[in-house]
Amino acid sequence: MNSDSDLQIAGDLLEVQHLLRPAREHPVTVAEFVGLARAISADRSQWAPLVQYDATTRWYHRLRTGPGYEVWLLSWVPGQGSGLHDHGPSSGALTVLDGELTERTDRGKRTLGAGAQRVFAPGYLHEVVNASLEPAVSLHVYYPGLTDMPMHAAQCAPAAATV
Ligand SMILES: [Fe+2]
(Lines give C-alpha, C1' and ligand atoms only; values in the text may rest on other atoms or scores of the structure.)
Protein backbone atom coordinates (compact mmCIF):
# COMPACT_ATOMS: atom_id res chain seq x y z
CA MET A 1 0.00 0.00 0.00
CA ASN A 2 1.27 3.42 -0.91
CA SER A 3 1.31 5.39 2.28
CA ASP A 4 1.68 8.63 0.31
CA SER A 5 -1.78 8.22 -1.16
CA ASP A 6 -4.86 9.23 0.68
CA LEU A 7 -7.16 8.03 -2.08
CA GLN A 8 -10.26 6.31 -0.74
CA ILE A 9 -13.25 4.93 -2.54
CA ALA A 10 -16.51 5.50 -0.77
CA GLY A 11 -19.71 3.67 -1.61
CA ASP A 12 -20.21 0.83 -4.08
CA LEU A 13 -17.04 0.14 -6.05
CA LEU A 14 -19.05 -1.44 -8.88
CA GLU A 15 -20.79 1.87 -9.45
CA VAL A 16 -17.48 3.49 -10.32
CA GLN A 17 -17.68 2.68 -14.02
CA HIS A 18 -14.41 4.22 -15.08
CA LEU A 19 -12.53 1.66 -12.99
CA LEU A 20 -14.21 -1.27 -14.72
CA ARG A 21 -13.40 -2.85 -18.04
CA PRO A 22 -16.17 -1.87 -20.45
CA ALA A 23 -18.34 -4.69 -21.71
CA ARG A 24 -17.20 -5.84 -25.12
CA GLU A 25 -19.55 -5.24 -28.00
CA HIS A 26 -18.75 -8.69 -29.42
CA PRO A 27 -17.77 -11.91 -27.66
CA VAL A 28 -14.26 -13.29 -28.10
CA THR A 29 -13.94 -15.93 -25.36
CA VAL A 30 -15.78 -19.21 -24.88
CA ALA A 31 -17.46 -17.78 -21.77
CA GLU A 32 -18.60 -14.73 -23.70
CA PHE A 33 -19.99 -16.83 -26.55
CA VAL A 34 -21.87 -18.99 -24.06
CA GLY A 35 -23.06 -15.84 -22.34
CA LEU A 36 -24.31 -14.43 -25.63
CA ALA A 37 -26.26 -17.63 -26.27
CA ARG A 38 -27.73 -17.50 -22.77
CA ALA A 39 -28.73 -13.87 -23.17
CA ILE A 40 -30.49 -14.60 -26.47
CA SER A 41 -32.09 -17.71 -25.00
CA ALA A 42 -33.48 -15.74 -22.08
CA ASP A 43 -35.13 -13.15 -24.34
CA ARG A 44 -37.77 -15.06 -26.30
CA SER A 45 -38.77 -11.90 -28.16
CA GLN A 46 -35.44 -12.12 -30.03
CA TRP A 47 -36.12 -15.51 -31.53
CA ALA A 48 -39.55 -17.02 -30.85
CA PRO A 49 -41.43 -14.88 -33.43
CA LEU A 50 -38.95 -15.95 -36.12
CA VAL A 51 -39.20 -19.69 -35.67
CA GLN A 52 -40.75 -21.72 -38.44
CA TYR A 53 -41.22 -25.47 -38.63
CA ASP A 54 -40.73 -27.28 -41.90
CA ALA A 55 -41.57 -30.96 -42.14
CA THR A 56 -39.62 -31.35 -45.39
CA THR A 57 -36.28 -30.00 -44.26
CA ARG A 58 -34.70 -28.57 -41.14
CA TRP A 59 -35.40 -24.87 -40.95
CA TYR A 60 -32.56 -22.49 -40.11
CA HIS A 61 -32.14 -18.74 -39.94
CA ARG A 62 -29.01 -16.65 -39.40
CA LEU A 63 -29.96 -14.57 -36.42
CA ARG A 64 -26.85 -12.49 -35.97
CA THR A 65 -23.34 -11.99 -37.26
CA GLY A 66 -20.34 -10.30 -35.74
CA PRO A 67 -16.60 -10.15 -36.29
CA GLY A 68 -15.67 -13.77 -36.96
CA TYR A 69 -18.83 -15.37 -35.61
CA GLU A 70 -22.37 -16.27 -36.60
CA VAL A 71 -25.48 -17.11 -34.62
CA TRP A 72 -28.02 -19.47 -36.18
CA LEU A 73 -31.53 -20.35 -35.12
CA LEU A 74 -32.73 -23.84 -36.03
CA SER A 75 -36.00 -25.70 -35.65
CA TRP A 76 -36.49 -29.44 -35.51
CA VAL A 77 -39.77 -31.24 -35.95
CA PRO A 78 -39.95 -34.71 -34.37
CA GLY A 79 -37.70 -37.12 -36.23
CA GLN A 80 -35.54 -34.49 -37.92
CA GLY A 81 -31.80 -34.82 -37.42
CA SER A 82 -28.50 -33.40 -38.60
CA GLY A 83 -26.79 -36.60 -39.61
CA LEU A 84 -23.31 -37.30 -38.31
CA HIS A 85 -21.09 -34.31 -39.01
CA ASP A 86 -18.26 -32.12 -37.82
CA HIS A 87 -17.89 -28.37 -38.14
CA GLY A 88 -14.71 -27.98 -40.16
CA PRO A 89 -12.48 -25.33 -38.57
CA SER A 90 -15.27 -23.84 -36.44
CA SER A 91 -15.78 -24.04 -32.72
CA GLY A 92 -19.33 -23.83 -31.56
CA ALA A 93 -21.86 -23.56 -28.78
CA LEU A 94 -25.21 -25.29 -29.08
CA THR A 95 -28.06 -24.16 -26.83
CA VAL A 96 -31.49 -25.78 -26.70
CA LEU A 97 -34.09 -23.03 -26.57
CA ASP A 98 -37.26 -25.09 -26.63
CA GLY A 99 -38.12 -28.76 -26.56
CA GLU A 100 -35.58 -31.54 -26.35
CA LEU A 101 -32.77 -32.73 -28.60
CA THR A 102 -30.60 -35.84 -28.46
CA GLU A 103 -26.90 -35.61 -29.22
CA ARG A 104 -25.09 -38.75 -30.32
CA THR A 105 -21.31 -39.04 -30.30
CA ASP A 106 -18.79 -41.87 -30.23
CA ARG A 107 -19.11 -41.71 -26.43
CA GLY A 108 -22.82 -42.36 -26.36
CA LYS A 109 -25.86 -40.16 -26.37
CA ARG A 110 -27.25 -37.44 -24.16
CA THR A 111 -30.60 -35.77 -23.95
CA LEU A 112 -30.49 -31.98 -24.04
CA GLY A 113 -33.48 -30.17 -22.60
CA ALA A 114 -34.32 -26.49 -22.86
CA GLY A 115 -31.41 -24.46 -21.48
CA ALA A 116 -28.81 -27.19 -22.04
CA GLN A 117 -25.61 -26.04 -23.69
CA ARG A 118 -22.80 -27.93 -25.43
CA VAL A 119 -19.54 -26.28 -26.38
CA PHE A 120 -17.28 -27.98 -28.90
CA ALA A 121 -13.91 -27.47 -30.56
CA PRO A 122 -13.02 -27.80 -34.25
CA GLY A 123 -13.29 -31.38 -35.44
CA TYR A 124 -15.94 -32.38 -32.90
CA LEU A 125 -18.08 -35.11 -34.40
CA HIS A 126 -21.73 -35.49 -33.46
CA GLU A 127 -25.24 -36.08 -34.65
CA VAL A 128 -28.20 -34.16 -33.28
CA VAL A 129 -31.76 -35.40 -33.62
CA ASN A 130 -35.16 -34.52 -32.29
CA ALA A 131 -36.11 -37.90 -30.90
CA SER A 132 -39.02 -36.47 -28.94
CA LEU A 133 -42.65 -36.10 -29.92
CA GLU A 134 -42.62 -32.28 -29.77
CA PRO A 135 -40.88 -29.66 -31.93
CA ALA A 136 -37.58 -28.24 -30.72
CA VAL A 137 -35.64 -25.03 -31.28
CA SER A 138 -31.90 -24.54 -30.88
CA LEU A 139 -29.35 -21.75 -31.12
CA HIS A 140 -25.90 -22.31 -32.61
CA VAL A 141 -22.96 -19.94 -32.26
CA TYR A 142 -20.01 -20.69 -34.55
CA TYR A 143 -16.55 -19.15 -34.38
CA PRO A 144 -15.38 -18.69 -37.04
CA GLY A 145 -18.62 -18.76 -38.97
CA LEU A 146 -19.56 -22.18 -40.26
CA THR A 147 -18.12 -22.57 -43.75
CA ASP A 148 -17.87 -26.33 -43.88
CA MET A 149 -19.94 -29.06 -42.25
CA PRO A 150 -18.49 -32.36 -43.48
CA MET A 151 -20.94 -35.23 -43.24
CA HIS A 152 -19.82 -38.65 -42.04
CA ALA A 153 -21.41 -41.93 -43.02
CA ALA A 154 -21.25 -44.10 -39.94
CA GLN A 155 -23.58 -43.92 -37.00
CA CYS A 156 -21.36 -43.43 -33.96
CA ALA A 157 -23.49 -44.30 -30.97
CA PRO A 158 -25.56 -47.37 -30.31
CA ALA A 159 -29.17 -46.46 -29.55
CA ALA A 160 -29.04 -47.92 -26.06
CA ALA A 161 -25.88 -46.11 -24.90
CA THR A 162 -26.35 -43.24 -22.52
CA VAL A 163 -23.83 -40.65 -21.39
FE1 LIG B 1 -23.23 -29.77 -35.13
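The values are calculated or read from the model by the stated rules, or taken from the named source; none is laboratory data. In this text the structure is predicted, and so the values were computed from the model without any measurement. Cβ placement follows ideal geometry from the backbone for every residue including glycine, while neighbour counts extend to all protein chains displayed.
Here are a few things to note about the model shown:
- Number of residues in region 27-54 that are assigned to a loop (DSSP other than H, G, I, E, B) and surrounded by 13 or more Cβ atoms within 10 Å (Cβ to Cβ): the value is 5.
- Residue ID - farthest from W76 (Cα to Cα), chosen from residues in region 99-108 that are within 14 Å of the ligand (Cβ to nearest atom) and in contact with an Asp or Glu (Cβ under 9 Å, 6 or more places away or on another chain): T105
- Selection of strands (runs of 3 or more DSSP E) fully inside region 55-117 by the criterion of at least 1 residues being modelled with pLDDT of 95 or more and among the basic types (K, R) returns 59-66, 100-105, 108-113.
- Single residue of region 140-151 satisfying the filter (within 12 Å of the ligand (Cβ to nearest atom) and either part of a strand (DSSP E or B) or surrounded by 15 or more Cβ atoms within 10 Å (Cβ to Cβ) (or both)) that is modelled with the lowest pLDDT: L146
- The residue of region 118-128 that is surrounded by the most Cβ atoms within 10 Å (Cβ to Cβ), among those that are within 11 Å of the ligand (Cβ to nearest atom) and in a strand (DSSP E or B), is V128.
For every residue, the table says whether it meets (1) within 16 Å of the ligand (Cβ to nearest atom); (2) more than 28 Å from A153 (Cβ to Cβ); (3) not polar (S, T, N, Q).
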| residue | (1), (2), (3) |
| --- | --- |
| R38 | no, yes, yes |
| S41 | no, yes, no |
| R58 | yes, no, yes |
| G66 | no, yes, yes |
| V71 | yes, yes, yes |
| H85 | yes, no, yes |
| L97 | yes, yes, yes |
